[in-house]
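The values are calculated or read from the model by the stated rules, or taken from the named source; none is laboratory data. Computed from a predicted structure; not experimentally measured. Methodologically, a virtual Cβ is constructed for each residue, glycine included, from the backbone with ideal geometry; neighbour enumeration extends over all protein chains shown. Remember, those area values only see protein heavy atoms, side chains included, never the ligands or the DNA or RNA. Shrake-Rupley method; radii C 1.70, N 1.55, O 1.52, S 1.80 Å.
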Amino acid sequence: MENQVDKADKYIKDMVQALLSVDKMKAKETLAQAREAYQPVEVVEKVIVPSLEQIGEGWRIDKVSLSQVYMSGKICNEILQDIIPRDCIIRERQLTIAIATLEDFHTLGKQIVKGFLHAAGYEIVDYGNGLSVDSLTEHIIKDKIDVLLISVLMLPSALSIKELRKRLKERQAAVTIVVGGAPFNFDDKLYKEVEADYMGKTVSDAINIIHAIETDRGV
Amino acid sequence: MSLRMTPMQRILTTLGHEEPDRVPMFLVFTMHGAKELGLSIKEYFSKPENVAEGQVRVCRKFGNDCVNGYYYAPIEIEAWGGEVIFRDDGPPNSGMPFIKDFEDIRGLVPPDVKDCKCLTKALEAQRLMKEKVGDDIPVIGTVVSPFSLPVMQMGFGKYIELIYEHKELFEHLMRINEDFCVQWANAQFDAGCTAVGYFDPVSSTTIVDKDLYLRTGHNIARRTLSRIKGPTATHFAAGRCYSIIEDVIQTGTAAVGVSVLEDLQMIKNACKGRITVLGNLNGIEMRRWSQEETTAIVKDAIAKAGKGGGFILSDNHGEIPFQVPDDVLLAIGDAVNEWGRYPLKWLDK
Ligand code: B12
């Protein structure tokens with residue numbers, strides 16, 4: 001057992017190092033080694049998820065830069081296809097999760113969050129960017145979304161989430177709203193003001209928050 | 001007690017690392033002038049006369065020590081033929097990037113400032129501002145750094161890939177952007193600006209790590225700033241910079257705009273006597289500060305960075321959000337007047 005943990009720790013350490021130095025070859029080698037020891041699902045849960053969590057957390061405390069975060073997600077998704085067979089379903093059951101940027105044209109936050117979640121085995125519906133409150137409301141109702149992730153960069157966009165919440169309440173949509181992006185990192189109370197359910201300070205919080213919602217909803 | 005100084009004297013004294021009559025204050029307004037004139041943000045920016053009048057009015061209303069002569073970051077994208085998207089309750093944003101493929105960079109030619117209607121309009125506004133305030137109040141211009149501009153030129157994700165994976169094209173783009181940036185900054189000095197803000201948040205450690213900064217943004221800033229003909233203040237637009245502060249000082253900039261995510265005292269200690277610190281009130285949170293909170297926060301910043309000059313109290317981004325109410329802004333000014341009088345005797349108690 002102890003040996004197993006040590007082994008996973010070593011893979012994680014190698015993986016984090018490879019990703020932070022933007023070394024795709026080394027990251028690929030590490031995952032190939034891990035694949036010899038683990039099933040595909042375990043590679044994701046035991047190596048990829050904890051590595052990405054460390055990197056996301058590193059950004060929050062100024063030890064890792066955003067460009068490293070972005071490249072880490074990108075590399076993971078690129079090599080994942082080679083390591084894990086296409087028809088392999090990582091998560092048998094999952095909530096219906098969507099992501100969007102609301103009244104905002106900044107897509108990097110969304111791209112990064114989606115990339116991390118995808119590498120962690122989640123399927124995410126992407127509604128794109130610059131959506132209005134009206135159109136996002138319609139999408140959520142139509143697709144019966146359980147969890148909506150919103151990434152914004154501009155303060156007015158963050159403030160418009162309150163109107164979205166109001167519309168969704170009127171339509172009795174049981175959707176959990178998770179928000180993130182720069183304005184929320186500068187004001188801890190903003191997510192409550194706009195009546196979101198959760199706020200993530202860094203990309204890897206998205207994974208933790210979804211885990212928490214899954215537990216909460218018994219998935 | 002020193003005699004009352006003009007804003008210009010106050011700023012020059014603090015930039016010389018001496019104590020003026022009181023802590024200088026830069027509240028960087030871009031949109032509040034529109035409110036003042038009862039115009040929409042789009043209408044406001046459509047005429048240089050509006051902007052000059054609005055900016056000078058808000059400067060006087062809030063007792064500011066500078067007139068902000070800058071429109072908005074995407075104005076530079078407009079100059080390159082790109083799209084700007086306006087909204088009623090916030091700053092305009094750049095639209096679809098105009099560099100679609102990496103190879104597009106090879107054929108890129110920087111615009112000539114004097115041929116760009118949007119830029120000549122902004123220069124005209126600066127000229128009018130200077131006419132209104134003369135030499136008493138500094139007019140501050142702004143450029144987006146050559147290293148930060150590509151986020152709007154080509155999109156952020158693609159730009160990060162360019163930096164890591166297409167080094168030659170990256171260098172090529174930097175040379176083109178440097179030429180444009182120098183031309184645009186110098187035109188603002190010609191229009192009457194006293195200093196120009198060099199907005200370089202991509203160099204912040206929030207966005208790139210120190211090693212990468214030293215290989216990229218740092219060299220670009222050294223080259224660019226040496227060709228700009230007046231004083232510059234490097235601004236990280238609320239991105240972090242503590243771990244690169246020594247390198248920032250080496251670029252030859254006169255001041256540095258720092259984030260609320262930093263320890264202002266540590267920054268001031270590192271910069272003391274070398275470059276002026278500009279910061280670091282949280283503009284996003286500011287919307288809902290009470291009078292008491294405002295006073296406490298202003299006092300805290302002054303306590304951490306005021307002594308010895310070399311400090312300008314400002315918001316941490318270089319733009320006060322449209323949603324920040326007048327009461328808070330007036331309370332900031334009141335607190336500076338009450339607690340910012342040099343020699344800051346209350347700090348010795
Ligand atoms: C670099 C930067 C710039 C650069 C590039 C910006 C860009 N992307 O286009 C330049 C110089 C071009 C720029 C310009 C402007 N900027 Co600027 N800029 C920044 C800075 C330093 C970083 C922004 C960034 O892109 N980060 C990358 C993204 C991906 O980071 P992020 O949103 O924080 O996301 C991370 C986490 O929050 C999390 N996350 C994100 N989404 C989600 C979602 C969920 C569900 C979860 C769980 C997590 C999560 O994951 C990410 C990685 O960990 C910030 C300040 C700061 N320290 O953050 C200001 C900031 C974004 N800028 C701001 C503004 C206003 C502007 C301008 C409008 C100024 C002007 N008047 O012209 C322009 C507009 C630019 C445009 N595109 O049109 C404001 C926006 C807030 C506001 N006041 O409204 C900020 C926040 C500064 C501030 N404190 O006020 N800027």
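Here r is the Cβ-Cβ distance between B:ASP327 and B:SER46 and R0 is 30 Å; the resulting FRET efficiency, rounded to 0.05, is 0.55. Mind jotting down the distance between the C-alpha centroids of the stretch B:27-83 and the stretch B:112-186, whole Å? So the separation of the two Cα centres works out to 17 Å.
Please give me the summed charge of the neighbours of B:VAL28: other residues whose Cβ is under 9 Å from its Cβ, Lys and Arg +1, Asp and Glu -1. Every neighbour counted, the sum reads -2. For the protein assembly as shown, the share of accessible area belonging to carbon and sulfur comes to 51 percent (1.4 Å probe, ligands and nucleic acids excluded). Beta bridges per DSSP, both residues in the protein assembly as shown: antiparallel share near 10 percent.
From the Cα trace of the stretch B:262-349, what convex hull volume per residue do you get, rounded to a whole Å³?
Numbers: hull volume 7.8 nm³, N = 88.
Expressed per residue, the convex hull around the Cα atoms of the stretch B:262-349 is 88 Å³.
The share of Cα pairs per 10 Å bin across the stretch A:97-217, counted from zero up to the longest distance, runs 14, 52, 32, 1 percent. A simple spin-label model places the labels of A:LEU95 and A:GLU195 1.8 nm from each other, with each point 7 Å out along Cα-to-Cβ. The per residue volume of the convex hull around the alpha-carbon atoms of the stretch B:84-229 is 134 Å³.
Based on the Cα atoms of the protein assembly as shown, what semi-axes does the equivalent ellipsoid have, where each is the square root of 5 times one gyration tensor eigenvalue, given in whole Å with the largest first? Intermediate results must be reported in sequence, preceding the final value.
Details: eigenvalues 345, 134, 118 Å².
In descending order the semi-axes read 42, 26, 24 Å.
Given R₀ = 51 Å, FRET efficiency for B:ASP112-A:LYS169 by Cβ-Cβ distance, to 0.05? Can you show the working numbers first?
Working: r = 53 Å, r/R0 = 1.05.
The formula returns an efficiency of 0.45 here.
Around the Cα centre of the protein assembly as shown, unit charges on the Cβ atoms of Lys, Arg, Asp and Glu (plus for the first two, minus for the last two) sum to a dipole of about 860 debye.
Counting other Cβ atoms within 10 Å, which trypsin sites (Lys or Arg not before Pro) in the stretch B:12-84 have at most 13 and lie in a DSSP loop? Kindly include the intermediate steps, with their values, before the conclusion.
Working: sites: B:ARG22, B:LYS35, B:LYS42, B:ARG57, B:ARG60, B:LYS61; in loops: none.
Of the trypsin sites (Lys or Arg not before Pro), not one in the loops of the stretch B:12-84 has a Cβ with at most 13 other Cβ atoms within 10 Å.
Distance from the C-alpha centroid of the stretch A:65-111 to that of the stretch B:237-302: 35 Å, rounded to the whole angstrom.
Simple spin-label model, 7 Å along Cα-to-Cβ: B:GLN250 to B:TRP346 in nm? In this crude spin-label approximation the distance works out to 4.0 nm. Cα centroids of the stretch B:315-340 and the stretch A:198-219: how far apart, whole angstrom? Between the Cα centre of the stretch B:315-340 and that of the stretch A:198-219, the gap is 36 Å. Starting from the coordinates of the alpha-carbon atoms of the stretch B:7-348, obtain the Kirkwood hydrodynamic radius over all distinct pairs and give the value in Å to one decimal. In the stretch B:7-348 this quantity evaluates to 20.1 Å. In a simple Cβ point-charge model (Lys, Arg +1; Asp, Glu -1; nothing else charged), the stretch A:97-217 has a dipole of about 120 debye relative to its Cα centre. Dipole orientation for the stretch A:97-217: of the candidates A:ALA98, A:VAL147, A:GLN172, A:GLN172 has the Cα lying most toward the positive pole (charges on Cβ; Lys, Arg +1; Asp, Glu -1). Within the stretch A:3-99, the trypsin sites (Lys or Arg not before Pro) that combine a DSSP coil assignment with at most 12 other C-beta atoms in a 10 angstrom radius are A:ARG86, A:ARG93. Dipole orientation for chain B: of the candidates B:TYR71, B:SER243, B:THR205, B:SER243 has the Cα lying most toward the positive pole (charges on Cβ; Lys, Arg +1; Asp, Glu -1). The trypsin sites (Lys or Arg not before Pro) of the stretch B:83-180 that DSSP puts in a loop, and whose beta carbon has at most 12 other beta carbons within 10 Å, are B:LYS100. Were the residues from B:THR6 through B:ARG274 laid out at 0.36 nm apart, the gain over their Cα-Cα distance would be 94.2 nm.
Give the Kirkwood hydrodynamic radius (Å, one decimal) of chain A, defined as one over the mean of 1/r across all pairs of different Cα atoms.
Numbers: mean 1/r = 0.0559 Å⁻¹.
For chain A, inverting the mean 1/r across all distinct Cα pairs yields 17.9 Å.
Projected over all directions and averaged, the alpha-carbon convex hull of the stretch A:4-82 occupies 4.6 nm². Computed from point charges on the beta carbon alone (+1 for Lys and Arg, -1 for Asp and Glu), the dipole magnitude for chain B about its Cα centre is near 760 Debye. Ellipticity at 222 nm from helices only: DSSP H runs of n ≥ 4 in the protein assembly as shown, each -39500 (n - 2.57), divided by the residue count, give -15000 deg cm²/dmol.
Summing Lys, Arg as +1 and Asp, Glu as -1, what charge do residues with Cβ under 14 Å from the Cβ of B:ILE85 carry, B:ILE85 excluded? Could you put the intermediate results ahead of the total?
Details: positive: B:LYS42, B:ARG87; negative: A:GLU103, A:ASP104, B:GLU78, B:GLU83, B:ASP88, B:ASP89.
For residues surrounding B:ILE85, the net value is -4.
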